[in-house]
């Protein structure tokens with residue numbers, strides 16, 4: 001029995017090490033508190049959907065949000081602003097039909113990365129444009145009209161979009177490279193659809 005004790009203790013240490021890898025680091029907890037973020041479970045529609053990584057003129061569609069999260073090398077947690085979470089929990093909340101911000105936290109030893117997504121799962125390309133018209137007024141069609149047409153074609157080709165990766169932050173600082181370029185070059189996360197060519201990308 002005594003001979004088995006060291007083996008058992010080593011097994012517990014191994015389990016403890018694995019479990020601690022999934023516990024939020026001090027840095028991650030500090031950033032959550034500073035930004036008012038809490039743990040959140042996104043809708044399956046958002047997670048199972050594709051996404052773009054450029055607001056004005058996306059060139060590619062990536063897929064899926066769930067696959068992207070699974071591709072990360074460090075432990076991840078979905079977060080949302082506490083006020084948004086409370087509004088989403090309210091019956092009949094209009095938040096469910098418009099975009100709102102979600103944070104995919106990747107907690108690495110060398111730093112905490114936040115992939116800042118917009119959940120647009122409840123919007124068609126036309127509703128997506130109408131929502132932007134509230135903020136960009138008459139310039140909305142000029143600014144986003146081309147992207148809307150491309151997204152409609154992508155929908156027809158079976159590559160509809162439910163989200164947008166708008167920003168990437170590391171340790172609270174915004175990365176200067178566009179999310180679209182960062183995904184393709186730094187993370188080697190390949191797109192599934194070319195919006196410029198209006199066609200799916202062969203694997």
Residue ID - modelled with the lowest pLDDT, chosen from residues in region 55-71 that are part of a loop (DSSP other than H, G, I, E, B), within 22 Å of residue 177 (Cβ to Cβ) and in contact with a helix residue (DSSP H, G or I) (Cβ under 7 Å, 6 or more places away or on another chain): 56
Index of the failed condition, residue 34 passing every other in (1) surrounded by 12 or more Cβ atoms within 10 Å (Cβ to Cβ); (2) closer than 26 Å to residue 82 by Cβ; (3) modelled with pLDDT of 95 or more: (1)
Out of all the residues in region 45-54, which are in a loop (DSSP other than H, G, I, E, B) and closer than 15 Å to residue 102 by Cβ? 49, 53
Among the residues of region 172-185, are any at pLDDT 75 or above and part of a strand (DSSP E or B)? yes
Being in contact with a strand residue (DSSP E or B) (Cβ under 8 Å, 6 or more places away or on another chain) and buried (at least 18 other Cβ atoms within 10 Å of the Cβ) is the filter; apply it to region 37-53 and report the residue that is farthest from residue 159 (Cα to Cα). 37
In region 72-94, which residues are crowded, with 19+ Cβ neighbours inside 10 Å and either within 19 Å of residue 180 (Cα to Cα) or touching a residue at least 40 places away in the same chain (Cβ under 8 Å) (or both)? 79, 80
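The values are calculated or read from the model by the stated rules, or taken from the named source; none is laboratory data. Remember, it's a predicted structure, so these values are computed and weren't measured experimentally. Glycine gets a Cβ as well: all are built from the backbone with ideal geometry, and neighbour counts include every protein chain shown.
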